[in-house]
Amino acid sequence: MSNLSTNHLLGIKYITKADIELILDTATSFKEVLNRPIKKVPSLRDLTIANLFFENSTRTKLSFELAQKRLSADIVNFSASGSSVKKGETLVDTVNNILAMKVDMVVMRHSSPGAAVFLAKKVNAKIINAGDGAHEHPTQALLDAFSIREKLGSLKGKKIAIIGDILHSRVALSNIFLLKKVGAEVKVCGPATLIPKYITSLGVEVETNMKKVLDWCDVANMLRIQLERQDIKFFPSLREYSLLYGLNKEILEGLSKKIIVMHPGPINRGVEITSEVADHSQSIILEQVENGVAVRMAAMFLLAGRNYAD
């Protein structure tokens, strides 16, 4: 079996095209496991994985936990809200205390950009970034890519529109890094106030007219408006945002071709997309959730494999 080029999954920025393809191919095998009557494999039976979530999360945390259980790993769950972090303990001290319990791998979500990279330099364990601030969310980009590849057969040359709150979205950044590495075309769309100035330097085009970008794309990835990260108003109201950048059934079915609709969740129904679009036959939102488990199984399995290859 091939190995990843890295000991950690800190961001899509730090992995190669070959790494991406290896994870997606491995995820295909694990998806078959998930469809069996007995959904468990003993692949990581001798590993202990700590889930450190310093930020609230439901879907990502559950997805990682389920992936770990399917791989037969031992799990330690840590939530910052009930921990010594609230008493002033540092990130490194917290993790070192957990590693003293002989943990092999850490899955971490943190509000500070670069937290996972910082940690990887300080502790002796495999680190998986489950989201660091508005920086990166590599496993979300990988499961999005897996879901597109499953539907369209490949990623190369496909036209992907990322629509919404680009400025605050770690999902957008990781998706852009990944899609550019595998040869897809990417356009971002949203209010000018929610599109960072540097974005074109990443090789993507900016379009502020949603109808134009929907006519162009094969896939529309609709991002959540991240009100919790916005300390100032970036648009007049949610109603105005949804009128200009919300996707409803009439717009979707009025396009000249059938496109795939994605959303990283959680959905603000009636803002980014209506309930009719979320539940539409062209939506693959539930497939994304299902694929997330297989992709995270693949990432942890491959990273653990480095232990035995080293």
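Annotations
- Set of lysines with alpha-carbon distance to residue 158 below 24 Å, sequence-local pairs under 8 removed: 13, 17, 31, 180, 181, 187, 211, 212, 249, 257, 258
- Region 18-44 versus region 203-218: alpha-carbon centroid distance in Å: 34 Å
- Across region 138-285, the mean sequence separation of Cα contacts (distance under 8 Å, 6 or more residues apart), normalised by length, yields a relative contact order of 23 percent.
- Cross-link reach is defined here as a Cα-Cα straight distance under 13 Å, omitting same-chain residues fewer than 8 places apart; for residue 61 none of the aspartates and glutamates meet it.
- Two-decimal Rg to Rh for region 134-207 - Kirkwood Rh, Cα set: 0.95
- Full-stretch length increase - residue 16, residue 28 - with 0.36 nm per residue and alpha-carbon distance subtracted: 2.4 nm
- Percent of Cα-Cα distances greater than 31 Å, calculated over the chain: 29 percent
- 10 Å-binned pair-distance histogram of region 138-285 (Cα, whole percent): 11, 47, 36, 6, 0
- With the helix formula -39500 (n - 2.57) applied to DSSP H stretches of n ≥ 4, the chain reaches a computed 222 nm mean residue ellipticity of -12000 deg cm²/dmol.
- Averaged over residues, the count of other Cβ atoms within 10 Å places the peptides 146-157, 177-188, 198-209 in the sequence 177-188, 146-157, 198-209, highest first.
None of the figures in this text is laboratory data; all of them are computed from the coordinates on show. Computed from a predicted model, the values in this text were never measured in an experiment. Because the Cβ atoms are built from the backbone with ideal geometry, glycine has one as well, and the counts that use them run over all protein chains shown.
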